[in-house]
């Protein structure tokens, strides 16, 4: 029997899990940055129109009208925060796939870049600070939350 041990210098390189673990740390970091940016931008939301026009000499606002006014304002601010998180996640995904495409020149990566580019343009054009505000039954925060979860998972899988 002969000794078939391979010297360490001739062993094939093993993939490093340290780089994968470090890159996945970026997902919560990006989410924290996105949330903070969302709060900063939500603070810049202009107030809703006044409850009573200025040319009305006597205007009585009921408590329910005032609560509705406040809930609309809060819904707009929530929409700005959630939409900002979506935009930041999309931009992070674009950055990841630009890097992948530059390294591999794979058609699949180019296809993903086209899709992510389209989603980014859609998000920008539907951003509340760009086109106005979505008020009432048209705004469902659940859709925004599910989109944020999907983008986060997509980013997590793309980094690892």
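The values are calculated or read from the model by the stated rules, or taken from the named source; none is laboratory data. These numbers come from a predicted model, not from an experiment. Note that each Cβ is placed from the backbone with ideal geometry, even for glycine, and that neighbours are counted across all protein chains shown.
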Somewhere in segment 46-55, is a residue under 28 Å from residue 145 (Cβ atoms) and either modelled with pLDDT of 90 or more or surrounded by 11 or more Cβ atoms within 10 Å (Cβ to Cβ) (or both)? yes
Just wondering, is there one or more residues in segment 23-43 that are within 19 Å of residue 156 (Cα to Cα), at pLDDT below 85 and surrounded by 13 or more Cβ atoms within 10 Å (Cβ to Cβ)? yes
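Results for (1) at pLDDT 85 or above; (2) in contact with a strand residue (DSSP E or B) (Cβ under 8 Å, 6 or more places away or on another chain); (3) not in a helix (DSSP H, G or I), shown as yes or no for each residue.
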| site | (1), (2), (3) |
| --- | --- |
| 59 | no, no, yes |
| 70 | no, no, no |
| 85 | yes, no, no |
| 102 | yes, no, no |
| 109 | no, no, no |
| 112 | no, no, no |
| 115 | no, no, no |
For segment 139-160, pairs from a residue that is over 15 Å from residue 83 (Cβ atoms) to a residue that is at pLDDT below 70 and surrounded by fewer than 16 Cβ atoms within 10 Å (Cβ to Cβ), with Cβ under 9 Å and 6 or more apart or across chains, are 159/20; 160/20; 160/21
